[in-house]
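A.B. asks: Let me begin by handing over the structure; questions about it come next.
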Amino acid sequence: MRKLTEQDLTAVIGTVQSGYTIERARVKDGGFSDSDHYGIVLAQSEGGRWVTWQFHIDGEEPSFYWGRYHMEDQEAAFKDFEIRGTDQDER
């Protein structure tokens with residue numbers, strides 16, 4: 001597993017994973033030495049449901065996991081995207 005780059009983040013935006021289109025992506029924050037190897041994405045389904053996932057690059061392909069599903073609550077999804085993987089994340 002390697003550090004994420006700006007190109008990695010740009011490449012995942014607009015892709016579809018499990019019926020959700022990724023709208024935003026960022027590198028995970030945190031005090032761990034490998035935090036910059038992980039990212040957080042925000043995605044929306046055609047039905048208007050929201051999810052955030054953690055991901056990393058395995059080889060050349062992104063691997064998405066640990067989803068937090070927010071159903072139609074866009075505000076909660078955006079907030080989770082902003083704080084997920086930071087010191088403010090209480091989950």
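The values are calculated or read from the model by the stated rules, or taken from the named source; none is laboratory data. For clarity, every value in this text was computed on a predicted model and none was experimentally measured. Because the Cβ atoms are built from the backbone with ideal geometry, glycine has one as well, and the counts that use them run over all protein chains shown.
A.B. asks: Under 7 Å between Cβ atoms, which residue pairs at least 6 apart in sequence (or on different chains) link something in the stretch 70-91 that is surrounded by 15 or more Cβ atoms within 10 Å (Cβ to Cβ) with a partner that is part of a loop (DSSP other than H, G, I, E, B) and among the basic types (Lys, Arg)?
C.D. replies: Every condition considered, the pairs that remain are GLY85/LYS28.
A.B. asks: What strands (runs of 3 or more DSSP E) lie completely within the stretch 12-91 and have 3 or more residues being modelled with pLDDT of 95 or more, more than 15 Å from MET1 (Cβ to Cβ) and of a type outside the set (A, V, I, L, M)?
C.D. replies: 20-27, 50-58, 61-71
A.B. asks: Name every residue in the stretch 70-91 that is out of contact with any Lys or Arg (no Cβ under 7 Å at 6 or more places or on another chain) and within 16 Å of GLY19 (Cβ to Cβ), in order of residue number.
C.D. replies: Correct list: HIS70, ALA77.
A.B. asks: From the list ARG49, ARG26, pick out the single residue that is of a type in the set (Lys, Arg), surrounded by 16 or more Cβ atoms within 10 Å (Cβ to Cβ) and closer than 17 Å to ALA77 by Cβ.
C.D. replies: The match here is ARG49.
A.B. asks: Can you run down the residue pairs with Cβ atoms below 6 Å, 6 or more apart or on separate chains, where the first is in the stretch 35-52 and farther than 13 Å from ASP80 by Cβ and the partner is surrounded by fewer than 16 Cβ atoms within 10 Å (Cβ to Cβ) and among the hydrophobic types (A, V, I, L, M, F, W, C)?
C.D. replies: Qualifying pairs under 6 Å: HIS37/MET1; ARG49/MET71.
A.B. asks: Quick check: anything in the stretch 37-45 in contact with a Gly (Cβ under 9 Å, 6 or more places away or on another chain) and surrounded by fewer than 15 Cβ atoms within 10 Å (Cβ to Cβ)?
C.D. replies: no
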